[in-house]
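The values are calculated or read from the model by the stated rules, or taken from the named source; none is laboratory data. Bear in mind that the values here come from a model prediction, so they are computed numbers and not experimental data. Cβ: placed from backbone, ideal geometry, glycine included. Neighbour counts: every protein chain shown.
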Amino acid sequence: MTDFFLVAILVMIFVVIFQIAKASEYVSVLKGQEKSRKQNNRINGFLMMVFLVLGLIGAWYCNELYYGKTLFPQGSASVEGEKIDIMLWITIAVTGVVFIITQIILFYFGFKYQEKDNTRAFYFPHNNKLELLWTTVPAIFLTVLVAFGLKYWFIFTSDPPSNAIVVEVTGHQFGWDFRYPGNDGVLGKKSYKLYNQPAGNSLGVDFNDSASFDDIHLTEMHIPKGTPVKLVINAMDVIHDVGLSHFRMKMDAVPGIPTTMWFTPKYTTEEMKKITSNPNFVYELSCDQICGKGHFTMRGIIIVEEPAVYQAWLKEQKPEYGTLFPDNTKNTLTTDSMSKAPIAQIK
Amino acid sequence: MRTKGMSMTRMPLTIWALFFTAVLGVLSFPVLLSGAILLLFDRNLGTSFFLSDIVVAGKILPNEGGSAILFQHLFWFLGHPEVYIILLPAMGMSSEILSVNSRKPIFGYMAMVGSLFAITILAFLVWAHHMFVTGLNPLLGGVFVLLTLLIAVPSAIKVFNWLTTLWRGSIRFTPAMLFAIGFVSLFISGGLTGIFLGNSALDIHLHDTYFVVAHFHIVMGVASFFGMFAGIYQWYPKMFGRYLNNTLGYIHFWTTIAGAYLIFWPMHYEGLAGMPRRYYDFSNWESFKMFGGLNQFISMVAMVVFAVQLLFIFNFFYSIWKGRKVRELNPWGANTLEWTTPLRPGHGNWPGDIPEVHRWPYDYSKDGHDFIDQTVPVGPNESQH
Amino acid sequence: MSTTSTSTTTQSAAHGTHDAHHEHHHDTFITKYIFSQDHKTIAKQFLVTGIIWAFIGGLFSVVFRLQLGYPEATFPILEDFFGHWAKGGKIQPEFYYALVTMHGTVLVFFVLTAGLSGTFANFLIPLQIGARDMASPFLNMLSYWFFFLASVVMISSLFVQTGPASGGWTIYPPLSALGDASSGSKIGMDLWLVSMALFVVSSLLGGLNYITTILNMRTKGMSMTRLICVQRE
């Protein structure tokens, strides 16, 4: 019943507006073309200024409301991501100035140069000097932006430092798997052809490869603060994307084409809880490439810890091999192999 | 098939824009077609153009050797020119409408043609800026950053030329003119946010977030739409021999531009917070659920804006039969040739000979005349433009 | 304001006056309004079809914004219209993704390409350059009808059991290649691709026509010096 009323009210509003519009058309015909045109010009010219002022106020007000909800106030949670925030500020400054100036000019000109009695428009077809000016000035500013941007781009896409720990991330419909290389520091080989979910091998790990004996397979990522982490990114089925907004990092996960990305976390999860005044804060990994109906459910959790806490956590983790083949003599849970392998890349 | 005297440099900017649009389309659509055909093959004939190393729904697929990224290259090779196919007609028509309704020549005609040309060429060279986070070779990415930000230069030239066209004009605010001015405003806003996204380092953070959604809606969804509306309001009298209702046109413009900014401006903030696009629900996401109130607001405004478009659609169809009849041949006082045809032009457009053209279409307010249409020969003492 | 110095034709639009150029042919309703080869009629066909698609695509966005704006709420009336796609009055995720995909597809291609270029290129090019019609009115007519066919196929994809394409308007594979990855990637995706193939044909036919019409020089008596004089801008 309420739906019917809603529609009825809507239709009534439309009819009223239409009648007003029709009536005002008759009125303007009666008034004569010249007079109605002048009145329309006055009203719309005035509205130009109103819109400009309200628009600028609105932009300011919107900023008041939502700046706090962006990731700026809390800063980048990765060392490298700080550069992205710097770049954002520089770009906002340049484009912001252009935005304000051009919008003011546009609406002000609309208001100021509306048709006036006894004033003719000024025949001004071209001026090469002006054209040159507003070709070179934007080009210069854009070059500056490009220079900064490319400098940081090549840092982000370069190889990580040699002390980076490696974590493999695999996306599938609809979740994330993380694999740690274990004490030997090497991830065991895997292939999609070895996939065998019923037997517990959802990643297709090659358990004949000795490097996989100590690999740890989890659905939650822990990383230490202050150490670069290199993510090796795979996908099982369709294209996903590892989106790490807090760290300002993002990289597609493509089946058949591994990708990598690296960053250095600055703050532990506990520290972020204080920084953001949010006791529920958690670093989330969002899938940033549409991957099917569960795209929005692909939520990965990343815990950043103090190095000592991370080390303790890592020691407690059991290699996947041990869980899948508990009776096998190649079980890595012997003190023998533990003492032989160096604690690689963890400082 | 241009009439006598209609050299390329006497063509209205609308035609230049439509010409370059057609060039963009003819060269880029076949690539989409090829991608679509290859995809049909992969889907139905067991080929592996785009598929390799896949386990889906518990099944290991036999496809090997394909690249999902190949499709992206094929798609975006059309995809990027496509957005210029959408934008250029709006630019051309807005140039025309701004000029006619300011009673001034469009400023910098040759620069406008040149920038349309530059945009057309560059449109083909920037497609991979949609693919910065696919893991492509960083050097390649860097090249695309350069080319992408290069395309901002002709766009900037056009904006400044439009502003200068308005300067010291004698503006009459028809709905068409309002939509053309609105187009410029929205193109400025949307174009500037493109600069954020074209810089690959920033795109890492902003890719696939609501920042992108805000950007392309402002520049494609609203600005181009405004160009379309401006064109409809301007040429409706020629199409149907009647006027669209003016008051409804004013209501249409002011509510739509206010609504569009209310919808898409705050969206940038969501994007800066990393809020992903194409998400059904954010309630479980600690990082994104704080935008619930804003999402509700945007949805409400969107519904109002949609309802207002219904007003326009009604105006459009109602006025075909019941609109105020056009009584004069040239209601906008324009120089271009379409206004020299009869009120309801039939087959062949001109009943007699096609008029000859002696000048460019932008002689508004020249030498004391309000307008001098293209068919008027140049006088012996007339100044060059 | 002083008077304008223009030369305007004063003939009224008398119905039935034909130019000496054209053969005297009698239009039936079908050849005049349906399979018209007149660029102005074709333009209006593109415009009206574009407006209808804009309404549909806009409606899609209103529906999915209902979900985004009110994720906790249920709207029983939705189930009346959309059945199992909005079970319990709540837009299902598959439906959401189908809406988002089709919103983008419809608006980018069918409204802003066909509806914008198709309308105004067809209407304005011959009129503004001084031509009777396009270079090939027949191919022009085909351009519209291929677009119409593409529209029919795309609409049919909305009504298949497994749903229309739903991997975003960018339809990246493998998601859009594998029916097992998403129900929208079953027959709905094939129909999407066929529709787009027809659409591309329509755009190519149109584009070739526009380029040829504009470029085809009809400048008898236009000497090079006159060209250069005019170009001094």
Margin query: So, residue B:205, is that one of a type outside the set (Val, Ile, Thr), surrounded by fewer than 24 Cβ atoms within 10 Å (Cβ to Cβ), at pLDDT 95 or above and outside any loop (DSSP other than H, G, I, E, B) or not?
Written below: no
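In the set B:248, B:192, B:186, B:197, which member is closer than 30 Å to residue A:81 by Cα, of a type in the set (A, V, I, L, M) and buried (at least 24 other Cβ atoms within 10 Å of the Cβ)?
B:192
Here are B:39, B:18: which of them is aliphatic (A, V, I, L, M), under 19 Å from residue B:108 (Cα atoms), within 9 Å of another protein chain (Cβ to nearest Cβ) and in a helix (DSSP H, G or I)?
Sole residue among the options that is aliphatic (A, V, I, L, M), under 19 Å from residue B:108 (Cα atoms), within 9 Å of another protein chain (Cβ to nearest Cβ) and in a helix (DSSP H, G or I): B:18.
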Check: Across segment A:148-177, what is the total count of residues that are assigned to a helix (DSSP H, G or I) and touching a Phe, Trp or Tyr at 6+ places or on another chain (Cβ under 9 Å)?
Finding: 2
Check: residue C:73: part of a loop (DSSP other than H, G, I, E, B) and either more than 7 Å from every other protein chain (Cβ to nearest Cβ) or under 26 Å from residue B:29 (Cα atoms) (or both), yes or no?
Finding: yes
Notebook entry, point to check: Which of the residues belonging to segment A:180-192 are without any contact (Cβ under 8 Å) to a residue 60 or more places away in the chain and part of a strand (DSSP E or B)?
Noted result: A:190
Check: Can you find even one residue in segment A:117-131 that is acidic (Asp, Glu) and more than 9 Å from chain B (Cβ to nearest Cβ)?
Finding: yes
Next item on the list: Determine the pairs where a residue that is more than 7 Å from chain B (Cβ to nearest Cβ), located within segment C:203-215, has a partner that is crowded, with 22+ Cβ neighbours inside 10 Å and part of a helix (DSSP H, G or I) with Cβ atoms under 6 Å apart, the partner being 6 or more residues away or on another chain.
Entry: C:205/C:143; C:206/C:143; C:209/C:140
Check: What is the one condition in (1) closer than 18 Å to residue A:111 by Cβ; (2) at pLDDT below 95 that residue B:136 does not satisfy?
Finding: (1)
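Restricting the search to segment C:158-190, which residues are in a helix (DSSP H, G or I) and either crowded, with 24+ Cβ neighbours inside 10 Å or within 11 Å of another protein chain (Cβ to nearest Cβ) (or both)?
C:183, C:184, C:185, C:187, C:188, C:189, C:190
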Item checked: Residues (surrounded by 19 or more Cβ atoms within 10 Å (Cβ to Cβ) and touching a Lys or Arg at 6+ places or on another chain (Cβ under 6 Å)) located in segment B:274-318 -> B:282, B:299, B:302
Check: Any idea which residue in segment B:134-173 is nearest to residue B:71 (Cα to Cα), counting only those that are small (Gly, Ala, Ser) and under 23 Å from the mean Cα position of the chain (by Cα)?
Finding: B:152
Next item on the list: Could you figure out which of (1) at negative phi; (2) surrounded by fewer than 20 Cβ atoms within 10 Å (Cβ to Cβ); (3) within 9 Å of chain C (Cβ to nearest Cβ) isn't true of residue B:333?
Entry: (1)
Notebook entry, point to check: Within segment C:81-105, can you find the residues that are more than 9 Å from every other protein chain (Cβ to nearest Cβ) and surrounded by fewer than 24 Cβ atoms within 10 Å (Cβ to Cβ)?
Noted result: C:81, C:82, C:83, C:84, C:85, C:86, C:87, C:88, C:89, C:90, C:103, C:104
Note to self: Among the residues of segment B:296-314, are any over 30 Å from residue B:238 (Cα atoms), of a type in the set (Gly, Ala, Ser) and in contact with an Asp or Glu (Cβ under 7 Å, 6 or more places away or on another chain)?
What the structure shows: no
Checklist line | Conditions (1) crowded, with 20+ Cβ neighbours inside 10 Å; (2) in contact with a helix residue (DSSP H, G or I) (Cβ under 6 Å, 6 or more places away or on another chain): number failed by residue B:135 | finding: (2)
Next item on the list: Only one of these is in contact with a helix residue (DSSP H, G or I) (Cβ under 9 Å, 6 or more places away or on another chain), within 12 Å of chain A (Cβ to nearest Cβ) and either of a type outside the set (Lys, Arg) or not in a helix (DSSP H, G or I) (or both): B:49, B:29, B:71, B:75. Name it.
Entry: B:71
Checklist line | Matching residues in segment A:87-98 - criterion: being surrounded by 14 or more Cβ atoms within 10 Å (Cβ to Cβ) and either more than 8 Å from chain B (Cβ to nearest Cβ) or under 20 Å from residue B:201 (Cα atoms) (or both) | finding: A:87, A:88, A:90, A:91, A:92, A:94, A:95
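The rows are residues; the columns are (1) in contact with a Lys or Arg (Cβ under 9 Å, 6 or more places away or on another chain); (2) assigned to a loop (DSSP other than H, G, I, E, B); (3) among the small types (Gly, Ala, Ser).
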residue	(1), (2), (3)
B:345	yes, yes, no
B:348	yes, yes, yes
B:353	no, yes, no
B:365	yes, no, yes
B:373	yes, yes, no
B:378	yes, yes, no
B:382	yes, yes, no
Notebook entry, point to check: In the set B:97, B:85, which member is within 8 Å of another protein chain (Cβ to nearest Cβ) and assigned to a helix (DSSP H, G or I)?
Noted result: B:85
